[in-house]
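Notes to accompany the following structure.
The values are calculated or read from the model by the stated rules, or taken from the named source; none is laboratory data. Just so it is clear, the structure is predicted and the values come from calculations on it, not from any experiment. Backbone-built Cβ (ideal geometry, glycine too); neighbour counts: all protein chains shown. Areas reflect the complete protein model, heavy atoms only, side chains present, ligands, DNA and RNA absent. Shrake-Rupley method; radii C 1.70, N 1.55, O 1.52, S 1.80 Å.
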Amino acid sequence: IQRGINLQKYPVKYRYNKQEMSFYENYLIPVFGKDNIELQKTINRHVVDFFIKDKNIVIEYFGDYWHGNPNKYADGYVIPQIKKTCAEIREKDKKRFEEITKDGDIYCVVVWENDVKRKPQETLQKLNELKNNRTINITL
């Protein structure tokens, strides 16, 4: 998958879009530290957006449209470009997370594009809580 712009200062396998890079620079680096974040780590054959090394946390930045944010799109809504319903997309994402976490002590977190845009302070607060208590429910 090739997405967005590839900023040369970040060695990555796939391109990040502007929203993902903004999230990385304005939320993840201040909370977890740049040296503690691995970009696009492969875990059980799946490339994840961000991996927090000292906490074994996978953070996925989900675009509302492409991942069918349940707060915006009904289960039956079809994403025309990929010809799948939002329910199918969410089920695929769920199975992907199950595969990522099957072998060990990895915790997966989803951060939705809409939540970062509409609730930036709450997003930052939840990320700080996640840093201090890895087991909280932080799916935004």
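Some notes on this structure:
- Distance violations [Cα-Cα > 20 Å] among 72/119; 34/131; 72/131; 18/119; 34/55; 41/83: 72/131; 41/83
- Under 5 Å between amide hydrogens, built in the peptide plane, is the criterion, and for residue 49 it picks out 61 among residues at least 5 positions away or on other chains.
- Anchor residue 126: aspartates and glutamates whose Cα lies under 17 Å away (excluding residues fewer than 8 positions away in-chain): 25, 60, 113, 115
- Working from label points 7 Å from Cα in the Cα-to-Cβ sense, the residue 84 to residue 35 distance is 3.8 nm.
- Whole-number accessible area per residue in Å² for the range 36-140, which is evaluated in the context of all protein chains at 1.4 Å: 55
- Surface composition of the chain: carbon and sulfur atoms hold 47% of the protein heavy-atom accessible area at a 1.4 Å probe.
- Mean residue ellipticity (222 nm) of the chain, computed from DSSP H runs ≥ 4 via -39,500 (n - 2.57), nearest 500: -9000 deg cm²/dmol
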